[in-house]
Each structure stands twice: as structure tokens, then as C-alpha cells.
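Data first, discussion second: the structure below is written as C-alpha cells.
The values are calculated or read from the model by the stated rules, or taken from the named source; none is laboratory data. Note that the structure is predicted; figures quoted are calculated from it, not measured. Cβ placement follows ideal geometry from the backbone for every residue including glycine, while neighbour counts extend to all protein chains displayed. Quick note on the areas: whole protein, heavy atoms, side chains included, nothing else; ligands and nucleic acids left out. Shrake-Rupley method; radii C 1.70, N 1.55, O 1.52, S 1.80 Å.
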Amino acid sequence: MSESNDNPQPSSSTAEDPTTATDQSTTPLSWPPDGDLSRDWIRNFTSVLSWSSRHVPPSQLPSVMTPVFLQRLILTASNILHKEPNCVRVDPTKADGEGASVVVVGDVHGQLHDVIFLLEDAGFPGEDRFFVFNGDYVDRGAWGLETFVLLLAWKIFLPHRVFLLRGNHESKYCTSYYGFEQEVMAKYGDQGKMVYRKCLRCFEGLPLASIIAGRVYTAHGGLFRGVVTAPPKKHKGKKKKSKIVGNTSDALKLGSLDELERARRTVLDPPWQGINLIPGDVLWSDPSNKPGLSPNNDRGIGLLWGPDMTEEFLSKYQIKLIIRSHEGPDARDKRSELGGMEKGYTIDHVVTSGQLITIFSAPDYPQFQATEERHNNQGAYIVLNPPDYSTPVFRSFEAVRPRPKVNAYYDFEEVIDSDEELDLKSMDNGSSHQANSSMSD
């Protein structure tokens, strides 16, 4: 393990926004004439998003980023993402055969200005630097849409160097409770439902996990159960099909990468019961100090897994690191047995074969808090360097301040904590309507 001694802090130019109201106009963004995004185009796109967050009322965002432009960007990225496997293999090899570094980013939750700073501080994606984002781009923060489409632009520009994985908040259930749906509707009015549907369709295409250089496994929540098939009872005459089980503690076993690849990820809300449990596990599970696998009762979905399960997974696949996200300072305040998130990361398991790390990249989280006392946590990202990619370098950073003045898009004083007490009935209702939702448009 390596830790940077000089925690980067946003400079005054970053905090105050490099542009002013006189530097930008509300001329709508346009797609490049040749259809291909470039580094300069993304640089301008970033600047416009940052400027508009400070100078354009949310309801006027379509004057900068039109629905037609937005639809093209989201659909272009969605077409790329839906073709990727559930577990993407990241081969960080440059054209000259040398290895490139890989930056792993955790939850960012609509904190646009902190994401822009992170990209500048880590160094933008390119030939020498790959990026793996571990999900939770939206909700809680006020600029989920801008954050998500900025990262989609990078994905379109460098599809084999920028990898966007799914988080539990990239779902219909979470986005309807924690602000993203309301944010889109507030910004796009009559066109909001269309924009939101496009985003949901894109969420479905986000891969669930990655393997970096054959040495590092990353996923938003972490590990997952295997599918346990109970042998059919013997009956004379007609053959009985095997029954899929796996909802009880006695039946739990660690899942395989083959099972992960076969799981159906194109669901708006990963189910918490039934046979397609792997996506929910990958997005919602948490580590524990207690050995074995057990249901994650605090969340109502996913698993808890112990150090022995981390060792089993690392050893089986000859992997050195598991990097997951999913838990910010508010979640870790409730789990005193594990490390706090003050620096934006924790090392949760140290076993014979390697380590389990939690990385969280949203500093001063959440943006809107009901109490006067804030967590004031740092965010962090991880740099993995060649040749072995198994010695993580941690880079913690402060939030960009001051944030633009803006209202929350959810009732942060009343809404339940996203880390527990899920409304499972609502999730079921959302899942039952998926086949009837107009996701094809």
C-alpha cells in the first residue's frame, strides 16, 4: 500500500470556476460536425457545464444543453455500454507495449465540481491513463445529470480507456427517492420524462464489474452469491426440473465470475428475491468482519461477506485486490467495527492473498445534510501502476468550495437513509412494471 503525503486541495481557480458570466454565452452545445468527440470538445463541454451550474437557473439548462443534444449523447454512450460484458476486462497496455496507470474512482453522487477537480488532479484519461468509475454518479448531489453526461462523453471519446460501472443508485428505485428523477424533471420540464427514460435505459447497460490487468476486481458493492441448484426430487414418470434456491443463509455460497457473466443485468431495479440475485448482490453488498456469507439485513438486499470470503475469491482467481465503493461517511458511522471514511478510503480486509479496499470519491458528503454538523470527509481515488497493479496509491482530496447555491431535489430531512430500511415493496412494484415501461424510445 502507498499513500500520497500531499493531499491535493482545489486551487482558487478551480473553486471559483475558471470562467465568468461574460466568458460564456447560452449558445446551445452542439455535436461535432464530423460526429467524433475530441479532447478539446470535452474540455469545452466541461467548462460549459461548470459555468452553467453557477450562472444558469436549473430550469434554463435546456438553453445550454438541448434535449436533442442530450438524447444523442446518452444514446451514443448507451449503445457502447450495452455491448460490453457484465465484467469488463481492462487491459491497460499502451501502443508501445508498456503498461499505463489505472485510476479507480468511487461514488461521486452528482458533485460535479469535485469530479472536474478529480479529473484534473489525477490527469485526464488518455494513452497513459485509464479510468474505472465504480458507480453512483447520481442522486443526493444537485448536478447528477451534468456529472453523468460528462462521464458519458469521456466514454464515447475513449471507450477502451474509460470504463463506467453501475452503482446501486443507477436504478429506478433510488433515483425516484434520492433526487435524480426530480432533478431531471426540474431541469427539463415537459421533456424531463423522455430524458429520464433515456438515462434509465443507459443505466441498464452499465457493466457490473471489472478485472484490471488480471490482478484487481472492482465492483460497486462487491462480492456475490452463487446460484445453488437443488436436485429434483425423485418421482416416477414425469421428470421434474431442478429448483433454483439461494435466499437462505444455509444455501449461500460465493459466486463465480462465470455466474457473474451469465447474470441478467438489464433490469431497472436488481431484484432482492428470486433467481436473478447476482446484480443486486454486486451493487448492494457490504464487507463484514464476521466470517462467511449472510443476508444483508440492514439494507434488505445483498450480502455481508467476511475476510474468509475475500481470501477465497482472491485465491481462486489469483487476484490481489478487491476495490469496491458504496459506503460513505454516513454509512460507516453506523458500522464502528470497520474503518471510518474521513480520508475517502478504508482497507477493510487484509488476508493472505491480498486486500479489500473501499473507495469513496465524494468529499464533504452528502451535499445536503439535515444537521448543522457535517461529516467534512475527504474524497479519494486510487492509482494502480504497472507492472503489477497490486500496490494501490491513495490520493485524498478536499471538496471544491464554495459550491454554487442550489436547492436539493429531494427531501433530505425526511427521506430514509439509502443505506438501510429499503422499501422493498416499492422495488418489487418498480420491477414488475419494467416490461411495460417505454424503454425502447
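For first residues located in the range 211-224 and without any contact (Cβ under 8 Å) to a residue 60 or more places away in the chain, partners that are open to solvent by less than 10 Å² (accessible area, probe 1.4 Å) and part of a loop (DSSP other than H, G, I, E, B) and lie 6+ apart or on another chain with Cβ distances below 7 Å do not occur. Taken over the range 56-85, the criterion of being open to solvent by 10 Å² or more (accessible area, probe 1.4 Å) and in a loop (DSSP other than H, G, I, E, B) is satisfied by Val56, Pro57, Thr66, Lys83, Glu84, Pro85.
Residue check: Gly214 meets all listed conditions (1) assigned to a loop (DSSP other than H, G, I, E, B); (2) more than 19 Å from Gly167 (Cβ to Cβ); (3) open to solvent by 60 Å² or more (accessible area, probe 1.4 Å); (4) at pLDDT 95 or above but one, namely (3).
When residues in the range 348-384 are screened for being open to solvent by 30 Å² or more (accessible area, probe 1.4 Å), closer than 27 Å to Val90 by Cβ and part of a loop (DSSP other than H, G, I, E, B), 1 of them pass. Among residues of the range 332-354 that are on the phi > 0 side of the Ramachandran plot, those with a beta-carbon under 8 Å from a residue that is in a loop (DSSP other than H, G, I, E, B) at least six positions away or on a different chain give the pairs Gly344/Gly106; Gly344/Ser361; Gly344/Pro363; Gly344/Asn377; Gly344/Gln378; Gly354/Ile319; Gly354/Lys320; Gly354/Ser390. Selection of the range 389-415 for residues being in a loop (DSSP other than H, G, I, E, B), touching a residue at least 60 places away in the same chain (Cβ under 8 Å) and either surrounded by fewer than 12 Cβ atoms within 10 Å (Cβ to Cβ) or basic (Lys, Arg) (or both) yields Arg401, Pro402, Arg403, Asn407. Restricting to the range 162-211, name every residue that is surrounded by fewer than 20 Cβ atoms within 10 Å (Cβ to Cβ) and in contact with a Gly (Cβ under 6 Å, 6 or more places away or on another chain). If the condition is that a residue be surrounded by fewer than 20 Cβ atoms within 10 Å (Cβ to Cβ) and in contact with a Gly (Cβ under 6 Å, 6 or more places away or on another chain), then Met185 is the only one that fits. The residues of the range 107-142 that are aromatic (Phe, Trp, Tyr) and open to solvent by 10 Å² or more (accessible area, probe 1.4 Å), listed by number, are Phe117, Phe124. The set of residues from the range 334-347 being under 18 Å from the mean Cα position of the chain (by Cα) and outside any strand (DSSP E or B) comprises Met341, Gly344.
Name the single residue that is surrounded by the most Cβ atoms within 10 Å (Cβ to Cβ) among those in the range 27-51 being of a type in the set (S, T, N, Q) and within 25 Å of Gly135 (Cβ to Cβ). Here the residue is Ser50.
Whether a residue is within 30 Å of Gly214 (Cβ to Cβ), outside any loop (DSSP other than H, G, I, E, B) and either at pLDDT below 95 or small (Gly, Ala, Ser) (or both) was assessed, and Ala331 does not pass this test. The set of residues from the range 291-309 being farther than 25 Å from Gly274 by Cα and open to solvent by less than 60 Å² (accessible area, probe 1.4 Å) comprises just one member, Pro307. Kindly indicate whether Asp91 is over 18 Å from the mean Cα position of the chain (by Cα) and either of a type outside the set (Phe, Trp, Tyr) or open to solvent by 10 Å² or more (accessible area, probe 1.4 Å) (or both). Here the answer is yes, as Asp91 does meet what is asked. Within the range 84-113, the set of residues being free of Cβ contacts under 8 Å to residues at least 40 places away in the same chain and under 25 Å from Val267 (Cα atoms) is empty. Applying a threshold of 7 Å to beta carbon distances and a minimum spacing of six or more residues, or different chains, the list of pairs starting in the range 264-288 at a residue that is outside any loop (DSSP other than H, G, I, E, B) and ending at one that is of a type in the set (S, T, N, Q) reads Leu283/Asn168; Trp284/Asn168; Trp284/Asn296; Asp286/Asn296.
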